[in-house]
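Below is one structure, written out as structure tokens, with a few remarks after it.
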Amino acid sequence: MSVSKKKQFADNSYYRGAFRWMGIGIEFCLVVGLFCLAGYGLDQWEGTGPGWMVIGFFVGFGVMLYLIIRRAHQSDDEMNADDEEANPQNNSQ
């Protein structure tokens, strides 16, 4: 049988995970924006076109992509550890 929506959303772990990833999305936008702003500042200082701003975008995007992948692996490891604690396997016979 399926779990009702009230019971599904009553669990705090649902919201904790959602807000965690929402925060990471906001952080992603801020970091990429800051790198673009730094690139824009370099472009204004040197009197060049949007070259530094584009480089700043890709550097910020790459940095945040790396951090998100690393956090996803940590999240998976934490979930696996929680599952092992909740369901200990007794292998001693």
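Nothing in this text is a laboratory measurement; each read-out follows from the coordinates by a stated rule. Here the structure is a predicted model, which means the values were calculated and not measured. Don't worry about glycine lacking a Cβ; one is built from the backbone with ideal geometry, like all the others, and counts go over all protein chains shown.
So the values come out like this:
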read-out	value
Distance histogram in 5 Å bins (all Cα pairs of the range 17-76, percent per bin)	5, 20, 22, 18, 13, 9, 7, 4, 2, 0
TYR40 versus ARG70: modelled label distance in nm, points set 7 Å from Cα along the beta carbon direction	2.7
